[in-house]
């Protein structure tokens, strides 16, 4: 078996090929294109296994190599940096160290979702970007009107009928402002239509629909939160416990303990930011639809911190999501009568 370490960049890929004893069989650079990678693979000694660090460019390289490799692995960047720390660092050295970690079975392997899941995840993340841009455009339209001293109805501003009437009848809007407002409105309409189309395509996906429907049985979980959980988590069996899931979602701080003194830092930056954002937003509204979550929120709120109360609700949502997803059954709200009957049995 030959072990290959790759250091992937935008334009080039550095590689190092070693055998089991650690002898270097070959090293160099290849252009970061599909055609060049295919030509490079034809001359590789057989059989071979490959490892690479998780970066923005890892996905397509991984998909390109996996069918031809005996095994393809992706390393966690932070853990790999801790293992392979050295004074001398360049692309050739990094590729050699990745090859050594793979050869010695020290590679801190991370989860790599399937290509289909990554494609759907890309679509959902793009949809979330469009939602943020929609908010910016709406705020900009209100800002343009306030800057010019124009009176308007804040609640109706983004309604098509009211906006058309505002431009036609309001004398405070001068001719220089009208083109900007029209352009802003056109971009809003275009983005809203595209955003709805992307979300509808994902919710109607046959491979996701059943799983998303089960998660939406949890009071307070909507289609966006359920979709984000499914696509960001991927294979739910890799979450061994609720604590692991909460840590992955970035809803807890890092622990620093020494000499019997334990300290909790603010929310860790080592998390899935997309999942964290969606869960925190869901936690702000979920207590309205779920009595148990409302109790969790009120209990934490009595301690005097609204943000901690929201985080407590978000952590409870993670526990619900994990239980429903792993159990593959709908969420059931237990009534007092059902609980008494269960305790009697």
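Read-outs: derived from the displayed coordinates by stated rules, not from any lab. Computed from a predicted structure; not experimentally measured. Positions of Cβ are backbone-derived with ideal geometry, glycine not excepted, and every protein chain shown enters the neighbour counts.
Brief remarks on what is shown
- When the convex hull of its Cα atoms is projected in every direction, mean area for region 265-333 (nm²): 5.4
- Note on residue 210 and residue 196: their simple-model spin labels are 3.0 nm apart, each label 7 Å out from Cα toward Cβ.
- Its residues counted as N, region 184-318 yields a C-alpha radius of gyration over 2.2 N^0.38 Å of 1.22.
- Region 2-103, Rg to Rh (Cα coordinates; Rh as Kirkwood inverse mean 1/r): 0.92
- Residue of 72, 96, 85 that the Gaussian network model of the chain assigns the largest fluctuation, springs spanning Cα pairs under 10 Å: 85
- Debye intensity ratio I(q)/I(0), log10, region 115-204, q values 0.16, 0.19, 0.25 Å⁻¹ (C-alpha model): -0.68, -0.85, -1.25
- In units of the compact-protein estimate 2.2 N^0.38 Å, region 181-236 shows a Cα radius of gyration of 1.43.
- Normalised by 2.2 N^0.38 Å, where N counts its residues, the alpha-carbon radius of gyration of region 98-163 equals 2.18.
- Each of residue 33 and residue 138 was given a label point 7 Å from its Cα along the Cα-to-Cβ line. The distance between the two points is 4.5 nm.
- Relative to the longest principal axis of the Cα atoms of the chain, the long axis of helix 273-285 lies at roughly 30 degrees.
- Stokes-Einstein D (µm²/s) once Rh is taken as the Kirkwood radius of the chain over alpha-carbon pairs, at 4 °C in 1.567 mPa s: 53
- In the chain, the longest principal axis of the Cα atoms and the axis of helix 160-169 are about 60 degrees apart.
- Between helix 306-327 and the chain: long-axis angle, C-alpha atoms, 0 to 90°, nearest 10: 60
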